[in-house]
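The values are calculated or read from the model by the stated rules, or taken from the named source; none is laboratory data. Owing to the predicted nature of the structure, the values given are computational and were not obtained by experimental measurement. The protein model used for the area step is the full one, side chains on, heavy atoms only, and it has no ligands, DNA or RNA in it. Shrake-Rupley method; radii C 1.70, N 1.55, O 1.52, S 1.80 Å.
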Amino acid sequence: MTTSAVSAGHPLRHVEQSCQRLEEAGLIDTERGDLAGEYGNTELHFACRSDGR
């Protein structure tokens with residue numbers, strides 16, 4: 001996902017807007033976190049469905 005999110009021309013390339021897009025899709029409690037990995041950091045985006053599932 002990280003590769004596709006930062007690829008030129010991909011609709012998800014603006015990762016700074018990911019939480020906003022998740023909210024526009026009807027998700028709630030959006031947040032972003034960094035996960036350190038062997039090849040550097042990965043940005044993770046979290047959200048919940050409004051019905052609690």
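Within the stretch 24-35, the set of residues being modelled with pLDDT under 90 and of a type in the set (A, V, I, L, M, F, W, C) comprises Ala25, Leu27, Leu35.
Looking across the stretch 14-39, just one residue is on the phi > 0 side of the Ramachandran plot and open to solvent by less than 80 Å² (accessible area, probe 1.4 Å), and that is Gly26.
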